Amino acid sequence: MLLSIGQLAAASLFTFMAAGCSDNDNKGGAVQEPLADTKTYYTNPVIGPDTPDPTVIKADDGYFYLYNTGGNCYFDRSKDLVNWEFLGTAFTEEDKPAWEPDAGIWAPDINYINGKYVLYYAMSKWGGGATCGIGVAVADTPTGPFTDLGKMFRSNEIDVHNSIDPFYIEDNGKKYLFWGSWWGIWGVELTEDGLALAGGIEQAKANKFQVAWGSEGTDSYEAPYILKRGDYYYLFCSTGTCCDGLNSTYTTVVARSTSLFGPYVNAEGKSMLEGRNHEVVILKNEDFVGTGHNAEIVQDDAGNDWIIYHAYVAGVDQGRVICLDRLYWDEDGWPYVLGNGPAVKAEAPVFNNK
(Lines give C-alpha, C1' and ligand atoms only; values in the text may rest on other atoms or scores of the structure.)
Protein backbone atom coordinates (compact mmCIF):
# COMPACT_ATOMS: atom_id res chain seq x y z
CA MET A 1 0.00 0.00 0.00
CA LEU A 2 1.34 3.46 -0.91
CA LEU A 3 1.73 5.98 1.94
CA SER A 4 0.75 9.61 1.71
CA ILE A 5 3.29 12.37 2.30
CA GLY A 6 1.91 12.97 5.80
CA GLN A 7 2.15 9.31 6.69
CA LEU A 8 5.74 9.15 5.46
CA ALA A 9 6.56 12.19 7.58
CA ALA A 10 4.99 10.62 10.66
CA ALA A 11 6.87 7.39 10.06
CA SER A 12 10.13 9.33 9.73
CA LEU A 13 9.46 11.22 12.98
CA PHE A 14 8.99 8.01 14.90
CA THR A 15 12.23 6.61 13.50
CA PHE A 16 14.27 9.69 14.27
CA MET A 17 12.92 10.04 17.82
CA ALA A 18 13.64 6.40 18.54
CA ALA A 19 17.23 7.04 17.45
CA GLY A 20 17.55 10.10 19.72
CA CYS A 21 17.49 12.61 16.83
CA SER A 22 15.98 16.10 16.94
CA ASP A 23 12.36 16.53 15.90
CA ASN A 24 13.34 19.53 13.70
CA ASP A 25 12.92 17.28 10.65
CA ASN A 26 9.19 16.82 11.30
CA LYS A 27 7.51 19.56 9.27
CA GLY A 28 4.50 17.55 8.09
CA GLY A 29 1.88 18.30 10.71
CA ALA A 30 -1.18 16.05 10.99
CA VAL A 31 -1.26 12.61 9.33
CA GLN A 32 -3.30 12.64 6.09
CA GLU A 33 -5.58 9.90 4.80
CA PRO A 34 -4.48 8.12 1.60
CA LEU A 35 -5.60 9.86 -1.58
CA ALA A 36 -8.71 8.33 -3.16
CA ASP A 37 -8.26 6.32 -6.37
CA THR A 38 -9.97 8.46 -9.02
CA LYS A 39 -9.58 5.93 -11.82
CA THR A 40 -12.60 4.10 -13.24
CA TYR A 41 -12.52 0.32 -13.42
CA TYR A 42 -14.59 -2.39 -15.09
CA THR A 43 -14.88 -6.14 -14.69
CA ASN A 44 -15.19 -8.87 -17.31
CA PRO A 45 -17.47 -10.03 -18.75
CA VAL A 46 -19.11 -6.81 -19.89
CA ILE A 47 -22.07 -8.62 -21.55
CA GLY A 48 -23.51 -12.08 -20.99
CA PRO A 49 -24.64 -14.74 -20.96
CA ASP A 50 -24.44 -16.43 -24.38
CA THR A 51 -23.58 -13.49 -26.65
CA PRO A 52 -21.05 -14.94 -29.11
CA ASP A 53 -19.38 -13.55 -32.23
CA PRO A 54 -19.53 -9.79 -31.55
CA THR A 55 -19.29 -6.95 -34.05
CA VAL A 56 -19.34 -3.29 -32.99
CA ILE A 57 -19.75 0.14 -34.53
CA LYS A 58 -19.89 3.70 -33.17
CA ALA A 59 -22.92 5.49 -34.60
CA ASP A 60 -23.57 9.19 -35.16
CA ASP A 61 -25.65 9.31 -31.96
CA GLY A 62 -22.53 8.71 -29.88
CA TYR A 63 -23.43 5.15 -28.89
CA PHE A 64 -21.55 1.96 -29.64
CA TYR A 65 -23.78 -0.79 -31.00
CA LEU A 66 -22.78 -4.43 -30.60
CA TYR A 67 -24.50 -7.19 -32.60
CA ASN A 68 -23.95 -10.91 -32.06
CA THR A 69 -25.02 -14.40 -32.97
CA GLY A 70 -28.28 -15.37 -31.32
CA GLY A 71 -31.99 -15.27 -32.06
CA ASN A 72 -32.68 -12.83 -34.88
CA CYS A 73 -29.30 -11.14 -34.27
CA TYR A 74 -29.33 -9.62 -30.79
CA PHE A 75 -27.85 -6.18 -30.23
CA ASP A 76 -26.89 -3.88 -27.34
CA ARG A 77 -25.66 -0.30 -27.05
CA SER A 78 -23.18 1.53 -24.81
CA LYS A 79 -21.48 4.90 -24.41
CA ASP A 80 -18.29 3.46 -22.87
CA LEU A 81 -17.85 -0.20 -24.01
CA VAL A 82 -18.43 -1.27 -20.39
CA ASN A 83 -22.07 -0.59 -19.52
CA TRP A 84 -24.36 -2.14 -22.12
CA GLU A 85 -28.12 -1.89 -22.63
CA PHE A 86 -29.90 -4.73 -24.45
CA LEU A 87 -32.18 -3.32 -27.18
CA GLY A 88 -33.57 -6.28 -29.10
CA THR A 89 -32.93 -7.95 -32.44
CA ALA A 90 -31.85 -6.63 -35.81
CA PHE A 91 -34.57 -8.61 -37.58
CA THR A 92 -38.18 -9.28 -36.73
CA GLU A 93 -39.46 -12.84 -36.77
CA GLU A 94 -41.48 -12.03 -39.89
CA ASP A 95 -38.65 -10.34 -41.82
CA LYS A 96 -35.59 -12.36 -40.79
CA PRO A 97 -33.41 -13.98 -43.50
CA ALA A 98 -34.77 -17.36 -44.56
CA TRP A 99 -32.89 -18.33 -47.71
CA GLU A 100 -31.09 -21.23 -45.98
CA PRO A 101 -33.65 -23.69 -44.54
CA ASP A 102 -33.43 -24.45 -40.79
CA ALA A 103 -30.37 -22.19 -40.44
CA GLY A 104 -29.49 -19.57 -37.84
CA ILE A 105 -28.16 -16.05 -38.28
CA TRP A 106 -24.49 -16.26 -37.31
CA ALA A 107 -21.49 -13.97 -36.91
CA PRO A 108 -22.75 -10.56 -38.13
CA ASP A 109 -20.48 -7.73 -39.24
CA ILE A 110 -21.83 -4.16 -38.97
CA ASN A 111 -20.63 -1.23 -41.13
CA TYR A 112 -21.67 2.23 -42.27
CA ILE A 113 -21.54 2.44 -46.07
CA ASN A 114 -22.87 5.23 -48.28
CA GLY A 115 -25.23 6.57 -45.62
CA LYS A 116 -26.65 3.17 -44.64
CA TYR A 117 -25.97 0.73 -41.82
CA VAL A 118 -24.98 -2.46 -43.62
CA LEU A 119 -25.07 -5.77 -41.78
CA TYR A 120 -23.32 -8.75 -43.33
CA TYR A 121 -24.28 -12.07 -41.75
CA ALA A 122 -23.86 -15.81 -42.21
CA MET A 123 -26.71 -18.29 -42.46
CA SER A 124 -25.68 -21.72 -41.28
CA LYS A 125 -26.50 -24.79 -39.28
CA TRP A 126 -24.26 -27.46 -37.82
CA GLY A 127 -23.21 -29.80 -40.62
CA GLY A 128 -24.36 -27.38 -43.32
CA GLY A 129 -20.97 -26.38 -44.66
CA ALA A 130 -21.87 -26.98 -48.31
CA THR A 131 -24.93 -24.74 -48.49
CA CYS A 132 -24.32 -22.14 -45.77
CA GLY A 133 -23.40 -18.70 -47.00
CA ILE A 134 -23.31 -14.97 -46.50
CA GLY A 135 -26.11 -12.43 -46.87
CA VAL A 136 -26.53 -8.69 -46.39
CA ALA A 137 -29.13 -6.37 -44.86
CA VAL A 138 -29.45 -2.58 -44.59
CA ALA A 139 -31.05 -0.01 -42.28
CA ASP A 140 -31.22 3.77 -41.96
CA THR A 141 -30.35 3.68 -38.25
CA PRO A 142 -28.30 1.28 -36.10
CA THR A 143 -31.46 0.17 -34.30
CA GLY A 144 -33.11 -0.90 -37.55
CA PRO A 145 -35.36 -2.33 -38.62
CA PHE A 146 -32.91 -4.02 -40.98
CA THR A 147 -34.19 -4.95 -44.42
CA ASP A 148 -32.73 -8.20 -45.65
CA LEU A 149 -31.39 -8.04 -49.21
CA GLY A 150 -30.83 -11.78 -49.25
CA LYS A 151 -28.00 -14.08 -50.15
CA MET A 152 -24.73 -12.85 -51.59
CA PHE A 153 -23.35 -16.37 -52.11
CA ARG A 154 -23.40 -19.93 -50.77
CA SER A 155 -20.35 -22.11 -50.14
CA ASN A 156 -21.06 -24.33 -53.14
CA GLU A 157 -21.49 -21.29 -55.41
CA ILE A 158 -18.13 -19.68 -54.63
CA ASP A 159 -16.21 -22.95 -54.07
CA VAL A 160 -15.22 -22.28 -50.45
CA HIS A 161 -16.61 -24.83 -48.01
CA ASN A 162 -18.18 -23.52 -44.79
CA SER A 163 -18.47 -19.92 -46.01
CA ILE A 164 -19.32 -18.05 -42.80
CA ASP A 165 -17.85 -15.26 -40.61
CA PRO A 166 -17.92 -12.25 -42.96
CA PHE A 167 -15.76 -9.14 -42.49
CA TYR A 168 -15.94 -5.96 -44.60
CA ILE A 169 -13.09 -3.53 -45.28
CA GLU A 170 -12.38 -0.61 -47.62
CA ASP A 171 -8.93 -0.12 -49.10
CA ASN A 172 -7.62 2.23 -51.80
CA GLY A 173 -11.13 3.21 -52.85
CA LYS A 174 -12.40 -0.35 -53.22
CA LYS A 175 -14.61 -2.53 -51.01
CA TYR A 176 -13.84 -6.11 -50.03
CA LEU A 177 -15.41 -8.94 -48.08
CA PHE A 178 -13.26 -11.47 -46.20
CA TRP A 179 -14.65 -14.68 -44.74
CA GLY A 180 -13.83 -18.27 -43.84
CA SER A 181 -14.02 -21.06 -41.30
CA TRP A 182 -11.40 -23.83 -41.25
CA TRP A 183 -11.23 -24.10 -45.06
CA GLY A 184 -9.04 -21.06 -45.49
CA ILE A 185 -9.56 -17.34 -45.11
CA TRP A 186 -10.64 -15.74 -48.39
CA GLY A 187 -11.31 -12.30 -49.83
CA VAL A 188 -13.31 -10.95 -52.76
CA GLU A 189 -14.05 -7.52 -54.20
CA LEU A 190 -17.53 -6.02 -53.81
CA THR A 191 -19.52 -3.55 -55.87
CA GLU A 192 -19.26 0.18 -55.13
CA ASP A 193 -22.29 0.06 -52.83
CA GLY A 194 -20.88 -2.94 -50.95
CA LEU A 195 -24.08 -4.93 -51.41
CA ALA A 196 -23.03 -7.49 -54.04
CA LEU A 197 -20.06 -9.32 -55.52
CA ALA A 198 -18.15 -7.31 -58.12
CA GLY A 199 -18.87 -8.83 -61.52
CA GLY A 200 -21.29 -11.40 -60.14
CA ILE A 201 -20.77 -14.88 -58.77
CA GLU A 202 -18.77 -16.34 -61.66
CA GLN A 203 -16.25 -13.49 -61.68
CA ALA A 204 -16.03 -13.59 -57.89
CA LYS A 205 -15.40 -17.32 -57.95
CA ALA A 206 -12.56 -16.81 -60.40
CA ASN A 207 -11.06 -13.74 -58.72
CA LYS A 208 -11.34 -14.61 -55.02
CA PHE A 209 -8.02 -14.74 -53.19
CA GLN A 210 -6.80 -16.70 -50.18
CA VAL A 211 -4.89 -15.12 -47.28
CA ALA A 212 -4.74 -17.94 -44.70
CA TRP A 213 -4.36 -21.68 -44.82
CA GLY A 214 -7.18 -24.13 -44.13
CA SER A 215 -7.13 -27.82 -43.21
CA GLU A 216 -10.78 -28.80 -42.81
CA GLY A 217 -10.39 -28.67 -39.05
CA THR A 218 -10.13 -26.49 -35.98
CA ASP A 219 -6.33 -26.37 -36.12
CA SER A 220 -6.62 -23.78 -38.91
CA TYR A 221 -8.40 -20.41 -38.93
CA GLU A 222 -11.79 -18.70 -38.92
CA ALA A 223 -13.45 -15.36 -38.04
CA PRO A 224 -11.14 -12.90 -39.85
CA TYR A 225 -10.78 -9.24 -38.89
CA ILE A 226 -8.26 -6.89 -40.51
CA LEU A 227 -6.91 -3.70 -38.92
CA LYS A 228 -4.83 -1.20 -40.92
CA ARG A 229 -2.27 0.35 -38.55
CA GLY A 230 0.78 2.22 -39.75
CA ASP A 231 2.47 0.36 -42.57
CA TYR A 232 0.78 -2.95 -41.79
CA TYR A 233 -2.48 -4.78 -42.23
CA TYR A 234 -3.06 -7.01 -39.20
CA LEU A 235 -5.13 -10.14 -39.81
CA PHE A 236 -6.73 -11.29 -36.57
CA CYS A 237 -8.28 -14.78 -36.62
CA SER A 238 -9.40 -17.46 -34.21
CA THR A 239 -8.15 -21.02 -33.98
CA GLY A 240 -9.26 -24.00 -31.87
CA THR A 241 -12.73 -25.13 -30.81
CA CYS A 242 -15.20 -22.28 -30.41
CA CYS A 243 -18.26 -23.95 -29.00
CA ASP A 244 -17.33 -26.83 -26.71
CA GLY A 245 -18.35 -25.17 -23.47
CA LEU A 246 -15.68 -25.12 -20.80
CA ASN A 247 -13.54 -27.44 -22.92
CA SER A 248 -13.30 -24.86 -25.73
CA THR A 249 -9.78 -24.13 -26.94
CA TYR A 250 -10.51 -20.98 -28.96
CA THR A 251 -7.55 -18.58 -29.14
CA THR A 252 -7.19 -15.16 -30.79
CA VAL A 253 -4.14 -14.93 -33.07
CA VAL A 254 -2.64 -12.44 -35.53
CA ALA A 255 -0.29 -12.10 -38.50
CA ARG A 256 0.51 -9.05 -40.61
CA SER A 257 1.27 -7.89 -44.13
CA THR A 258 2.22 -4.72 -45.98
CA SER A 259 -0.62 -5.46 -48.43
CA LEU A 260 -4.30 -6.19 -47.84
CA PHE A 261 -3.88 -9.20 -50.11
CA GLY A 262 -1.02 -10.72 -48.11
CA PRO A 263 1.12 -12.60 -47.53
CA TYR A 264 0.32 -12.37 -43.81
CA VAL A 265 3.30 -13.52 -41.78
CA ASN A 266 4.25 -14.09 -38.15
CA ALA A 267 7.18 -12.51 -36.33
CA GLU A 268 9.53 -15.03 -37.97
CA GLY A 269 8.28 -14.14 -41.45
CA LYS A 270 6.39 -17.40 -42.00
CA SER A 271 3.17 -17.11 -43.98
CA MET A 272 -0.33 -18.01 -42.78
CA LEU A 273 -0.84 -19.59 -46.19
CA GLU A 274 1.71 -22.25 -45.28
CA GLY A 275 0.28 -23.46 -41.96
CA ARG A 276 -0.20 -22.37 -38.36
CA ASN A 277 2.04 -19.33 -38.56
CA HIS A 278 0.78 -16.60 -36.26
CA GLU A 279 1.35 -14.73 -33.01
CA VAL A 280 -0.97 -15.35 -30.05
CA VAL A 281 -2.97 -12.37 -28.78
CA ILE A 282 -5.44 -13.83 -26.26
CA LEU A 283 -5.18 -17.22 -24.54
CA LYS A 284 -7.31 -18.85 -21.87
CA ASN A 285 -6.39 -18.32 -18.23
CA GLU A 286 -7.73 -19.46 -14.87
CA ASP A 287 -10.74 -17.14 -15.20
CA PHE A 288 -11.79 -17.50 -18.85
CA VAL A 289 -11.51 -20.10 -21.63
CA GLY A 290 -12.41 -20.18 -25.32
CA THR A 291 -11.13 -16.65 -26.02
CA GLY A 292 -11.82 -15.74 -29.63
CA HIS A 293 -13.85 -14.22 -32.46
CA ASN A 294 -12.89 -10.62 -31.81
CA ALA A 295 -14.92 -7.65 -33.00
CA GLU A 296 -13.60 -4.41 -34.49
CA ILE A 297 -10.82 -2.85 -32.42
CA VAL A 298 -11.93 0.46 -30.90
CA GLN A 299 -9.76 3.42 -29.92
CA ASP A 300 -10.87 5.48 -26.90
CA ASP A 301 -10.52 9.22 -26.39
CA ALA A 302 -7.15 8.73 -24.67
CA GLY A 303 -5.77 7.00 -27.78
CA ASN A 304 -5.83 3.51 -26.25
CA ASP A 305 -6.95 0.50 -28.32
CA TRP A 306 -9.54 -1.99 -27.03
CA ILE A 307 -10.35 -5.48 -28.22
CA ILE A 308 -13.79 -7.06 -27.77
CA TYR A 309 -14.26 -10.82 -28.06
CA HIS A 310 -16.16 -13.74 -26.60
CA ALA A 311 -15.12 -16.32 -24.00
CA TYR A 312 -16.52 -18.73 -21.42
CA VAL A 313 -16.31 -17.96 -17.71
CA ALA A 314 -14.14 -20.75 -16.28
CA GLY A 315 -15.99 -23.16 -14.02
CA VAL A 316 -19.48 -21.81 -14.83
CA ASP A 317 -20.89 -22.51 -18.28
CA GLN A 318 -22.97 -19.42 -19.06
CA GLY A 319 -22.42 -19.79 -22.76
CA ARG A 320 -20.09 -17.39 -24.51
CA VAL A 321 -19.90 -13.95 -22.90
CA ILE A 322 -18.39 -10.67 -24.10
CA CYS A 323 -15.01 -9.60 -22.73
CA LEU A 324 -13.09 -6.36 -23.16
CA ASP A 325 -9.35 -5.80 -22.85
CA ARG A 326 -6.92 -3.06 -23.65
CA LEU A 327 -4.76 -3.92 -26.63
CA TYR A 328 -1.09 -2.92 -26.33
CA TRP A 329 1.60 -2.84 -29.03
CA ASP A 330 5.16 -3.96 -28.44
CA GLU A 331 8.27 -2.21 -29.79
CA ASP A 332 8.17 -4.35 -32.95
CA GLY A 333 4.55 -3.45 -33.65
CA TRP A 334 2.85 -6.66 -32.50
CA PRO A 335 -0.39 -6.52 -30.47
CA TYR A 336 -0.89 -8.16 -27.08
CA VAL A 337 -3.03 -8.00 -23.94
CA LEU A 338 -1.53 -7.96 -20.46
CA GLY A 339 -0.93 -11.47 -19.21
CA ASN A 340 -1.95 -12.87 -22.61
CA GLY A 341 -5.46 -13.52 -21.27
CA PRO A 342 -8.68 -11.78 -20.20
CA ALA A 343 -8.54 -9.38 -17.27
CA VAL A 344 -10.97 -9.84 -14.38
CA LYS A 345 -10.73 -6.17 -13.37
CA ALA A 346 -8.92 -3.38 -15.18
CA GLU A 347 -8.88 0.36 -15.75
CA ALA A 348 -11.77 1.33 -18.04
CA PRO A 349 -11.64 3.01 -21.46
CA VAL A 350 -11.77 6.80 -21.52
CA PHE A 351 -14.70 8.40 -23.34
CA ASN A 352 -15.64 12.05 -22.94
CA ASN A 353 -19.20 11.78 -24.26
CA LYS A 354 -20.68 9.77 -21.39
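Annotation for region 130-143: at least one member residue is open to solvent by 30 Å² or more (accessible area, probe 1.4 Å), without any contact (Cβ under 8 Å) to a residue 40 or more places away in the chain and farther than 23 Å from D60 by Cα.
For region 173-187, the tally of residues that are closer than 17 Å to I113 by Cα and in contact (Cβ under 8 Å) with a residue 12 or more places away in the chain stands at 5.
The C-beta contact set for region 36-50 (first residue within 18 Å of D287 (Cβ to Cβ), second residue open to solvent by 80 Å² or more (accessible area, probe 1.4 Å), distance under 7 angstrom, 6+ apart or interchain) comprises Y41/K345; Y41/E347; T43/K345. For region 40-77, a tally of residues being more than 16 Å from D325 (Cα to Cα) and polar (S, T, N, Q) returns 4. With the condition being closer than 22 Å to Y121 by Cα and under 18 Å from the mean Cα position of the chain (by Cα), I'd like the strands (runs of 3 or more DSSP E) fully within region 175-250 carrying at least 3 qualifying residues. Once the strands (runs of 3 or more DSSP E) in region 175-250 are filtered for at least 3 residues that are closer than 22 Å to Y121 by Cα and under 18 Å from the mean Cα position of the chain (by Cα), what remains is 222-229, 232-239. Test V344 against the criterion of being out of contact with any Phe, Trp or Tyr (no Cβ under 9 Å at 6 or more places or on another chain) and on the phi < 0 side of the Ramachandran plot, and give yes or no. When the stated conditions are applied, V344 does not pass them. For region 144-160, a residue qualifies if it is among the polar types (S, T, N, Q), open to solvent by 10 Å² or more (accessible area, probe 1.4 Å) and within 18 Å of W182 (Cβ to Cβ), and exactly one does: N156.
Hey, among the residues in region 246-267 that are of a type outside the set (D, E, K, R), open to solvent by 10 Å² or more (accessible area, probe 1.4 Å) and in contact (Cβ under 8 Å) with a residue 60 or more places away in the chain, which one's farthest from D332 (Cα to Cα)? The qualifying residue farthest from D332 (Cα to Cα) is L246.
Residues in region 216-233 that are acidic (D, E) and crowded, with 24+ Cβ neighbours inside 10 Å: E222 alone. Number of residues in region 311-354 that are open to solvent by 70 Å² or more (accessible area, probe 1.4 Å), part of a loop (DSSP other than H, G, I, E, B) and of a type in the set (K, R) equals 1. Region 51-121 holds strands (runs of 3 or more DSSP E) entirely within its bounds, and those carrying 2 or more residues that are open to solvent by 10 Å² or more (accessible area, probe 1.4 Å) map to 55-58, 74-78, 85-89, 104-113. There is at least one residue in region 286-302 that is more than 14 Å from the chain's Cα centre (by Cα), of a type outside the set (F, W, Y) and buried (at least 20 other Cβ atoms within 10 Å of the Cβ).
The values are calculated or read from the model by the stated rules, or taken from the named source; none is laboratory data. Because the structure is a prediction, the values reported are computed rather than measured. Cβ sites come from the backbone with ideal geometry, for glycine too, and all protein chains shown count toward neighbours. What goes into the accessible areas is simple: the full protein's heavy atoms, side chains included, and nothing from ligands, DNA or RNA. Shrake-Rupley method; radii C 1.70, N 1.55, O 1.52, S 1.80 Å.
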